[in-house]
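The values are calculated or read from the model by the stated rules, or taken from the named source; none is laboratory data. Just so it is clear, the structure is predicted and the values come from calculations on it, not from any experiment. All Cβ positions, even for glycine, are placed from backbone atoms using ideal geometry, and neighbour counts span all protein chains on display. All accessible areas refer to the heavy atoms of the entire protein, side chains included, with ligands and DNA or RNA removed. Shrake-Rupley method; radii C 1.70, N 1.55, O 1.52, S 1.80 Å.
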Amino acid sequence: TQSAVSQQIATLESLVGQRLIERSRGQPSVDLTEAGRLLLAHGNAIIARLSAARADFEAFGKGALGVLRVGTYQSISTHILPSLMRDFSTAWPDVEVRLSEASTEGLLPQVERGEIDLTFDVLPLSEGPFESVELVRDPYVVLVAAHSPLARRKHAPDRRELATLPWISYRHPRDVAMLEGLLRGQGAEPRVIFRSDDNGAVQGMVGAGLGVALVPNLAVDKRDPSVVALSLDDAVPPRALCLAWHRDRYRSPAARAFTDAAIRLCARSDAGPFT
């Protein structure tokens, strides 16, 4: 009942010594105060830790059996996971690996809540209770249409020339800030004609001759004859791909083995199979 809810809120406000809810007379809605928003943030973190603890005990009870939940994203799913899953499944046939694909910004929150055990991501990681191991460096390339005069070059145009070309770009804020910032450093505002976080859509637009794209090497489908990937100079740092996990959670033998298998695969290839 409303009175019971009010009593609970009053008790909570008494415990923390701050008003948490703004009540407007005659209005059906209420708002959180600044103190209320602060407490809510801590409450969400506590709930995430409780969920992680529950997942820990489930994993501990199953040992080397049961389920390993792994987060992934497009380029990892296409170029690294097939070989990794083959190697891991051969060594750990009784472990069911459940893969969850999402954009990179949606994966670490799942690790924090205990919804997945491991995730592929890109360094540096966002702030949180995470540990990680670097797997491989993924250089950026300039993607151009195969029929473009640019495709006959051995190396990509320099940043000054790139700033004059139409661009196909990403929507993700981290990618946009880094990639388009390179052009703004040349005193030019990028002329972006299309944005998408789908690698296939970006490559398709480039192949149709609508613009060029600065993309990670692993994002490129090398079987597509409509595009050519040109090497860049050292002005654009490569992506550092990693596996990440919750630093305070129990890591099952299967999770450790999966991480070790990923490290071995990337070291053995030296990025060869992925280029």
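Its relative contact order, with pairs defined as Cα atoms under 8 Å and 6+ residues apart, puts the chain at 25 percent. Reducing region 168-223 and region 103-128 to their Cα centroids gives an inter-centroid distance of 24 Å.
The residues of the chain have, on average, 55 Å² of accessible surface per residue, using a 1.4 Å probe with all protein chains present.
How many Å³ per residue does the convex hull of the Cα positions in region 1-142 occupy? Let's see the in-between values first.
Working: hull volume 28.1 nm³, N = 142.
Dividing the Cα hull volume of region 1-142 by its residue count gives 198 Å³.
Given C-alpha coordinates of region 59-171, what is the ratio Rg to Rh with the Kirkwood estimate of Rh?
Working: Rg = 19.2 Å, Rh = 17.3 Å.
Computed over Cα atoms, the ratio is 1.10.
Rounded to 0.05, the FRET efficiency of the GLU127 and PHE57 pair, given R0 = 25 Å and the Cβ-Cβ distance, is 0.40.
So for region 72-187, averaging the separation of alpha carbon pairs under 8 Å that are six or more residues apart and normalising by length, what relative contact order in percent results? Each step should come with its number before you reach the end.
Values: 51 pairs, mean separation 21.4, N = 116.
Contact order relative to length: 18 percent.
Qualifying GluC sites (Glu not before Pro) in region 107-138, where qualification requires a DSSP coil assignment and no more than 10 other C-beta atoms within 10 Å, comprise GLU127.
A straight chain from ILE21 to ASP233 at 0.36 nm per residue would run longer than the Cα-Cα distance by 70.8 nm. The alpha-carbon positions of region 97-247 define a convex hull whose volume is 119 Å³ per residue. Under the criterion of Cα pairs below 8 Å and six or more residues apart, the relative contact order for region 112-248 equals 48 percent.
What translational diffusion coefficient, to the nearest whole µm²/s, does the chain have by Stokes-Einstein, given a Kirkwood radius computed over alpha-carbon pairs, a temperature of 20 °C and 1.002 mPa s viscosity?
On the way: Rh = 21.8 Å.
It comes out at roughly 98 µm²/s.
Treating r as the C-beta distance of THR33 and GLU105 and R0 as 25 Å, the FRET efficiency rounds to 0.30. Result for the chain in a Gaussian network model with C-alpha springs under 10 Å: among ASN44, ASN217, ASN199, the largest mean-square fluctuation is at ASN44. For trypsin sites (Lys or Arg not before Pro), the sites in region 175-244 that DSSP calls loop and that have at most 15 other Cβ atoms within 10 Å are LYS222, ARG223. With coordinates expressed along the principal axes, the C-alpha atoms belonging to region 72-121 extend over 30, 23, 11 Å, beginning with the largest. Stretching the chain fully between SER14 and ARG160 yields a gain of 46.4 nm (0.36 nm per residue, less the alpha carbon separation). At the listed q of 0.12, 0.14, 0.19, 0.27 Å⁻¹, the Debye profile of region 102-157, built from one uniform point per Cα, gives log10 I(q)/I(0) equal to -0.49, -0.57, -0.72, -1.13.
Taking N as the number of residues in region 139-208, what value does Rg over Cα atoms divided by 2.2 N^0.38 Å take? Intermediate results must be reported in sequence, preceding the final value.
Details: Rg = 11.9 Å, N = 70, 2.2 N^0.38 = 11.1 Å.
For region 139-208, the normalised Cα radius of gyration is 1.07.
For trypsin sites (Lys or Arg not before Pro), the sites in region 119-178 that DSSP calls loop and that have at most 16 other Cβ atoms within 10 Å are ARG153, LYS154, ARG171.
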